[in-house]
Amino acid sequence: MCYVYILECADNTLYTGWTVDLENRLKVHNEGKASKYTRARLPVKLVYVEKYNNKIDAQRREWQIKKLKRSDKLRLFKIENNNI
């Protein structure tokens with residue numbers, strides 16, 4: 001299983017990535033070891049996740065999300081939270 005995720009950083013910016021181990025990846029981000037971008041914007045919190053069966057689909061979706069405007073990304077997880 002692969003995951004595409006969006007993090008909200010301490011400065012209110014958004015970071016999108018993909019991983020096969022979501023729990024560990026979030027831990028590593030908050031330790032400042034996952035990416036230069038999030039290292040300077042700690043702490044981060046997970047705000048959105050999508051599951052995929054393979055790496056290629058996850059990476060493709062990550063790229064699609066990264067190209068979205070901030071408002072469209074916010075809409076993604078607002079819709080998700082309303083469905084809970």
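See the values below:
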quantity: Within the range 16-33, considering residues that are within 12 Å of Met1 (Cα to Cα) and of a type in the set (A, V, I, L, M, F, W, C), the one surrounded by the most Cβ atoms within 10 Å (Cβ to Cβ); calculated: Trp18
quantity: Among the candidates Glu23, Glu62, Glu50, residue that is within 11 Å of the chain's Cα centre (by Cα), assigned to a helix (DSSP H, G or I) and not basic (Lys, Arg); calculated: Glu62
quantity: Residue match in the range 34-42 (condition: surrounded by 17 or more Cβ atoms within 10 Å (Cβ to Cβ), modelled with pLDDT under 95 and part of a loop (DSSP other than H, G, I, E, B)); calculated: yes
quantity: Top-ranked residue of the range 43-60 - restricted to ones that are in contact (Cβ under 8 Å) with a residue 24 or more places away in the chain, surrounded by fewer than 17 Cβ atoms within 10 Å (Cβ to Cβ) and of a type in the set (D, E, K, R), ranked as farthest from Leu26 (Cα to Cα); calculated: Asp57
quantity: Scan of the range 61-71 for residues that are surrounded by fewer than 13 Cβ atoms within 10 Å (Cβ to Cβ) and under 15 Å from Trp18 (Cβ atoms), ordered by number; calculated: Trp63, Gln64, Lys67
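Listed here are the residues, each with its yes/no results for (1) over 16 Å from Leu76 (Cβ atoms); (2) in contact with a Leu (Cβ under 7 Å, 6 or more places away or on another chain); (3) polar (S, T, N, Q).
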site: Val4; (1), (2), (3): no, no, no
site: Leu7; (1), (2), (3): no, yes, no
site: Ala10; (1), (2), (3): yes, yes, no
site: Trp18; (1), (2), (3): no, no, no
site: Leu22; (1), (2), (3): yes, no, no
site: Ser35; (1), (2), (3): yes, no, yes
site: Arg39; (1), (2), (3): yes, no, no
site: Leu46; (1), (2), (3): no, yes, no
site: Ala58; (1), (2), (3): no, no, no
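The values are calculated or read from the model by the stated rules, or taken from the named source; none is laboratory data. Keep in mind the model is a prediction, meaning the values are calculated, not measured. With ideal geometry, Cβ positions are generated from the backbone for all residues, glycine too; neighbour counts draw on all protein chains shown.
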